[in-house]
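Read the structure below first, then the notes.
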Amino acid sequence: MIPGMPGDSQVYLNGEFTRLDEAKISVLDRGFIFGDGIYEVVPVYNRKVFRMDEHLARLARSLKAIRIPAPLEHAGWVALVDQLVIRSEAPTCLIYLQVTRGVAKRDHGFPTEPVTPTLFGMATPYVPPGQAQRERGVSTISIPDERWLHCEIKSVSLLGNVLAKQAAVDAGVEEVLQFRDGFLSEGASANIWVVRNGTLLAPPKNNLILEGIRYGLMAELAQEAGIPFEMRALPRAEVESADEILITSATKEVLAVTQLDGKPVGTGKPGPVFARLRAGYDARIAAL
Ligand code: PDD
């Protein structure tokens, strides 16, 4: 019995749908042994998948980056996601997809014999942030970014992110803002945005952050709302004196960061740029 997860929910493992409590992988799976794999989290609203193509494109990029042969073609992924959505008890859910290099004798280098990647998929019920959370925003602390130098890969090797998120939990806040060499990178499991003088700012897309699917979306929403948008390195002082800070991810959608290190961000309330981008995001969901 896994708390919060009905054992009879249907998951996909290596070609079959099975009950969650019956899905088993080998202890020699390289995902288990080395964290040698990648994943995706795709939000679904009322059985409609949000930005499927963008998520599948990133999945393909992650696989290529760590040289795992793609187990499915684009149409195969779409069919798998559709099946998981159909079988999900909750119409609004998160589709989790994971691919590892597969099962092999423990050896750090890639297996020399061909191995079949392990492919896992599941749907978990998702409750999007409600009105109270939208009005309250998110409280954060800043911490040094101690992760590796390939954060652009959506890897299941998430120990750095796990420890970063636990720092937030220990401090009684919801997220962290990570800084590397004095510049903003991202949250433990989200991208971070800064608003200064009406301009939306984001750290550059490079190896130091995961390019969230909401990266491209926020650029589109900013353009539609007539909000200037710039990607550039953001020194700590500019983040600390920001008018607004925003956070985005598949699960957080877009929310305001209203507290950083115990101090209010801007007025301490979600600001006007947040409100316009949030309205744009809601319109995209409504249009699904
Ligand atoms: N995390 N940066 C990191 C380190 C993340 O883990 C995530 C998402 C993001 C935002 O990406 P997107 O907009 O595509 O969700 C940025 C997911 C939700 C997770 O690991 O559960």
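Within the shell defined by Cβ-Cβ distances under 14 Å, the residues around Ile86 carry a net charge of +1, with Lys and Arg each +1 and Asp and Glu each -1.
Restricting to DSSP loop positions (anything but H, G, I, E, B) with no more than 15 other Cβ atoms inside 10 Å of their own Cβ, which trypsin sites (Lys or Arg not before Pro) remain in region 14-43? Write down the numbers at each step before the final one.
Details: sites: Arg19, Lys24, Arg30; in loops: Lys24.
Passing sites in region 14-43 are Lys24.
Express as a percent, rounded to the nearest 5, the fraction of DSSP beta bridges in region 131-287 (both residues included) that run antiparallel.
60 percent
Simple point charges give the picture: +1 on the Cβ of Lys and Arg, -1 on the Cβ of Asp and Glu, and for region 10-125 a dipole about the Cα centre of about 220 debye.
Distance from the Cα centroid of region 23-49 to that of region 173-251 is 26 Å (rounded to whole angstrom). For the set Lys165/Lys269; Lys48/Lys165; Lys64/Lys205, the pairs lying more than 25 angstrom apart at their alpha carbons are Lys48/Lys165.
Would you be so kind as to identify all helices of the chain, as entire DSSP H runs, whose Cα atoms reach 30 Å or more along the helix's own axis and whose mean Kyte-Doolittle hydropathy is at least -1.0? Please list the in-between numbers first.
Working: long enough: none.
Result, helices passing both filters: zero.
Backbone amide hydrogens, once placed in the peptide plane, bring Glu152 within less than 5 Å of Ile209, excluding anything fewer than 5 places away on its chain.
Counting charges near Arg30 (Lys, Arg +1; Asp, Glu -1) among other residues having Cβ under 11 Å from its Cβ returns a value of 0.
Within the listed set Ala250, Ala171, Ala90, the Gaussian network model of the chain (springs between alpha-carbon atoms below 10 Å) gives the highest mean-square fluctuation for Ala171.
Comparing Asp29, Asp82, Asp107 in a Gaussian network model of the chain, where Cα atoms under 10 Å apart are tied by springs, the biggest mean-square fluctuation is seen for Asp107. Note on the chain: with neighbouring protein chains present and a 1.4 Å probe, carbon and sulfur make up 57 percent of its accessible heavy-atom surface. In the chain, the calculated helix contribution to ellipticity at 222 nm averages -8500 deg cm²/dmol per residue, counting -39,500 (n - 2.57) for every DSSP H run with n ≥ 4.
The residues packed around Lys205, meaning those with a beta-carbon under 9 Å from its beta-carbon, carry a net charge of -2 if Lys and Arg are +1 and Asp and Glu are -1.
With the other protein chains left in place, how much accessible area per residue, in square angstrom, belongs to the chain at a 1.4 angstrom probe? Write out the running numbers ahead of the final one.
Working: 13800 Å² over 288 residues.
The answer is 48 Å² per residue.
Computed from the C-beta positions of Val27 and Arg67, the FRET efficiency with R₀ = 25 Å rounds to 0.60.
The values are calculated or read from the model by the stated rules, or taken from the named source; none is laboratory data. Note that the coordinates shown come from a computational prediction; the quantities given were computed from them, not determined experimentally. Quick reminder, even Gly has a Cβ in these numbers, built from the backbone with ideal geometry, and neighbours come from all protein chains shown. Accessible surface is based on the protein model in full, side chains and every heavy atom, while ligands, DNA and RNA are left aside. Shrake-Rupley method; radii C 1.70, N 1.55, O 1.52, S 1.80 Å.
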